[in-house]
Structures are given as C-alpha cells and as structure tokens.
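Input: a single structure, listed below in structure tokens.
The values are calculated or read from the model by the stated rules, or taken from the named source; none is laboratory data. Worth saying up front: this structure is predicted, and the values here are computed from it rather than measured. Counting neighbours? That spans all protein chains shown, and the Cβs are built from the backbone with ideal geometry, glycine included. Heavy atoms of the whole protein, side chains included, go into the accessibility calculation; ligands, DNA and RNA do not. Shrake-Rupley method; radii C 1.70, N 1.55, O 1.52, S 1.80 Å.
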Amino acid sequence: DLIVGADGLNSEVRKVCSQWSSDPTSFDPVQMASPSTGLQYKMIKLPPKFPLGRGEKVKYSEGTQAYAIYSNVKDSKRRGKLGLLPVAQEDAPRTANVIQKDDHMVWKLNDGGEVLEWLEENFPHIPVRDIVSEEEADAFAKEREGRFPAPQYSPRCQVSCGDGVRGTCVLVGDSLHAFPPDLGQGVNAALEDICDLEDAFSIESGGAAGDSPDIIKNAATRYEEIRAPEAKSLVQIMQVGWPYQYGQDRFREKFWMINFVLRTFILNKILPFLFNPAAVIMLQDSRLRYSEVWRRAQQTTRRLIACLAASSIFLYLRLVSGVL
C-alpha cells in the first residue's frame, strides 16, 4: 500500500515515517532562519470593489489586481499595512492581510470600534467606515492571529516497511517543506511534488498497468532522489527571497532592495552571462527547478564577492603606489 502524507506542517504521516525508519531523526524537520519567521497575521474582509481614495474621481479596486496600502504613521508599533492578493472573480469578496511583529499594538485591539479607529489613523486617504463594517472589524479583533513558521524541510521524503505489513509512505506539500508565504510557492511546490511522484511511478512501472509493492517502493526511492534536493533548495531560497516585504525592518529592507536592484537591473542587464537576476525573479521562469535557481543565486553571490575583493585589492594597490 502507498500512504501519501499531505497533512501539513505538523504531519502525522511524517511521524509514522519516523517510526518506520531505521534512522528516525532523518524525518525531523530541518529549520532555517528567516527574517519573516514568527510574524503574526490576521485577515479582514473587504467588499469586492472598494474606493482606493476619496473624492468624486476616485478609482475602485479591481479583483484581478494585487494591492498594498501603506500608512504614513511613524511609530513602527502603530504603523499598519494592508496587503491584498488578486482573486479570479471580480464579484468575490476581498481579504486584506495584516502582518506585523508580535509586539505590534494591532494585536491588542479589543473590539470593532478600536479596529476602525486604528484603520482610520493609518489610512485616512480611504473611507474606512464605508469599506469595513463594525461587524467585520469586531470579527477581526476577536479572530486568533496566525504565525509564520520557520522555513523547514524533511531530509527524507519516503520510507518503506516490510515487517508484517508491507507499505510505503511518501511526503508531499507542507509535510515535506513549509515556509512563510514570502514568495507564494506553497501550492506550486506541492504540485511539483505530485508531478515528480507521478514521473517516478511512470518510470518504474514502464507505463504498465498496476503497481506491485516493488514498483511502489522503487518509485518512492526514485521520488526521494529527485525531490529531497529540491525541498532543501526551496527552503534555502526562502531565507533570502523576499523576507523584508512586510516592513518589519525598514533599514535591512533597504539593503535587500539594493541587492535586488544590483543583481536584476544592473549586473544582469550588463553582463547576463556572468550574473543572474535575484532569486525572486528567477522563480518566475517555470523551466528552472528550485535547485537550479539556488545554484544560480549562489553562483552570482560568489561572483559578487570576487568582484568586491578584486576591487578592494585594486584600490589598495593604487593607494599604496600613490603614497610611494
């Protein structure tokens, strides 16, 4: 029998895999550091179309467009930001994401009245009370906030058991790799897991109908050979992909943006055969697997360091020769 573990971050199937394995720790998730780990979030409901400003000639939101609504409040513990993802249907209700550190005052709002006051303080340029009802604001206040996990992956993707009961477990989706939603790769990665698993079965079965225990076991082994490096590379990309987009550290966000612009719009445009664009851009190329995106990103980093070192040596020698 084949068991497919697609049961999320705290996977019970992964625990079964650990029990079946001769090395139980090989299924312990490897967690990596990320600036977005631990951020808390809630969602507030908005109408399908809402005004993006005030006045007679105001524009209205479009369902197929993503939006980021910024605040001019200076205090970082009061400052807000609303993020809206696009929806397929124009008449579908929208949800705005509120993502902040755990010490932000938005998590201390007790009722709808306080939520509306906070929204009006942060976004005076939009008619808040025409967009958000007190009932929706009250639901936001009472909703329990979620928390972004650390980027993590399981080193093993599968295990087979032959003692008494023959069976094979494989992991896909968040049970194999989990991370904050910085790059929107959760669904994409899970679909790639399934595609790789299907390819592994197709190769091992030779296109024949029916799956014997040996075919299942061999296909699972092949799947792990293909997918384990991809899961690790994906999580490594998540560490640097776009972790400061939530405004949690504006100083470091500026350095991230400088690096992004340097790689994508300067070096890659001038010397595309030497420098790759930022990882977040390479992910948009469906032909590149996660391992290849990470390899190219690391390659560009090494070349940047080499150029910086060469420039430093050159300037030092010029200074020394000038003194002499």
task: Kindly indicate whether Glu136 is closer than 23 Å to Pro48 by Cβ, more than 26 Å from the chain's Cα centre (by Cα) and of a type in the set (D, E, K, R).
output: yes
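For Gln31, are the conditions met, namely being touching a Pro at 6+ places or on another chain (Cβ under 9 Å), within 30 Å of Glu12 (Cα to Cα) and open to solvent by 70 Å² or more (accessible area, probe 1.4 Å)?
Judged against the criteria, Gln31 is a match.
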- line: Scanning segment 226-249 residue by residue, those assigned to a helix (DSSP H, G or I), in contact with a helix residue (DSSP H, G or I) (Cβ under 9 Å, 6 or more places away or on another chain), of a type outside the set (A, V, I, L, M, F, W, C) and surrounded by 18 or more Cβ atoms within 10 Å (Cβ to Cβ) turn out to be Arg227, Glu230, Lys232, Ser233, Gln236
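Can you tell me how many residues in segment 34-56 are open to solvent by 80 Å² or more (accessible area, probe 1.4 Å) and either under 30 Å from Phe251 (Cβ atoms) or touching a residue at least 12 places away in the same chain (Cβ under 8 Å) (or both)? First the steps, then the outcome.
Filtering segment 34-56 for residues open to solvent by 80 Å² or more (accessible area, probe 1.4 Å) gives 41, 43, 45, 49, 54, 56.
Next, only the ones that are either under 30 Å from Phe251 (Cβ atoms) or touching a residue at least 12 places away in the same chain (Cβ under 8 Å) (or both) stay: 41, 43, 45, 49, 54.
Final tally of qualifying residues: 5.
Can you work out which of the residues in segment 263-295 that are part of a helix (DSSP H, G or I) and farther than 24 Å from Gly186 by Cβ is farthest from the chain's Cα centre (by Cα)?
Within segment 263-295, the match that is farthest from the chain's Cα centre (by Cα) is Ile270.
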- request: Filter segment 24-53 for residues that are β-branched (Val, Ile, Thr) and in contact with a strand residue (DSSP E or B) (Cβ under 7 Å, 6 or more places away or on another chain) and give the result.
  value: Val30, Ile44
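On the basis of being open to solvent by 20 Å² or more (accessible area, probe 1.4 Å), part of a loop (DSSP other than H, G, I, E, B), within 30 Å of Val106 (Cα to Cα) and basic (Lys, Arg), does Arg129 make the cut? Give the steps one after another, and end with the answer.
Details: open to solvent by 20 Å² or more (accessible area, probe 1.4 Å): yes; part of a loop (DSSP other than H, G, I, E, B): no; within 30 Å of Val106 (Cα to Cα): yes; basic (Lys, Arg): yes.
For Arg129, the condition - open to solvent by 20 Å² or more (accessible area, probe 1.4 Å), part of a loop (DSSP other than H, G, I, E, B), within 30 Å of Val106 (Cα to Cα) and basic (Lys, Arg) - is not met.
Looking at this structure, is Leu304 over 19 Å from Leu183 (Cα atoms), in contact (Cβ under 8 Å) with a residue 12 or more places away in the chain and hydrophobic (A, V, I, L, M, F, W, C)?
Working: over 19 Å from Leu183 (Cα atoms): yes; in contact (Cβ under 8 Å) with a residue 12 or more places away in the chain: yes; hydrophobic (A, V, I, L, M, F, W, C): yes.
Considered against the rule, which asks whether it is over 19 Å from Leu183 (Cα atoms), in contact (Cβ under 8 Å) with a residue 12 or more places away in the chain and hydrophobic (A, V, I, L, M, F, W, C), Leu304 comes out as yes.
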- request: Within segment 61-69, identify whether any single residue is touching a strand residue (DSSP E or B) at 6+ places or on another chain (Cβ under 7 Å) and in contact (Cβ under 8 Å) with a residue 40 or more places away in the chain, and answer yes or no.
  value: yes
- request: Considering only segment 1-112, give the strands (runs of 3 or more DSSP E) lying wholly within it that have at least 3 residues that are more than 30 Å from Val170 (Cβ to Cβ) and among the hydrophobic types (A, V, I, L, M, F, W, C).
  value: 40-46, 94-100
- line: Reported set for segment 57-116 where residues are among the acidic types (Asp, Glu), surrounded by fewer than 12 Cβ atoms within 10 Å (Cβ to Cβ) and under 16 Å from Met43 (Cα atoms) is Asp102
field: Residues that are open to solvent by less than 80 Å² (accessible area, probe 1.4 Å) and among the small types (Gly, Ala, Ser), drawn from segment 11-28
entry: Ser11, Ser18, Ser21, Ser26
message: So Leu171 passes all but one of these: (1) surrounded by 19 or more Cβ atoms within 10 Å (Cβ to Cβ); (2) more than 21 Å from the chain's Cα centre (by Cα); (3) among the hydrophobic types (A, V, I, L, M, F, W, C). Which condition number does it fail?
response: (2)
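Considering each of Arg302, Arg318, Arg287, Arg252 in turn, give the residue that is within 23 Å of Thr37 (Cα to Cα) and either modelled with pLDDT under 95 or exposed (fewer than 14 other Cβ atoms within 10 Å of the Cβ) (or both).
Details: Arg302 fails: within 23 Å of Thr37 (Cα to Cα); Arg318 fails: within 23 Å of Thr37 (Cα to Cα); Arg287 fails: within 23 Å of Thr37 (Cα to Cα).
That would be Arg252, the only listed residue that is within 23 Å of Thr37 (Cα to Cα) and either modelled with pLDDT under 95 or exposed (fewer than 14 other Cβ atoms within 10 Å of the Cβ) (or both).
Suppose we keep only residues that are touching a Ser or Thr at 6+ places or on another chain (Cβ under 6 Å) and within 11 Å of Val235 (Cα to Cα) within segment 143-168. Which one would you say is most open to solvent (accessible area, probe 1.4 Å)? Spell out the reasoning first.
In the first step, residues of segment 143-168 are kept if they are touching a Ser or Thr at 6+ places or on another chain (Cβ under 6 Å); the result is 148, 150-151, 155-156, 159-160, 168.
If we keep only those that are within 11 Å of Val235 (Cα to Cα) as well, we get 150-151.
Details: Ala150: 16, Pro151: 0 Å².
Going through the qualifying residues, I end up with Ala150.
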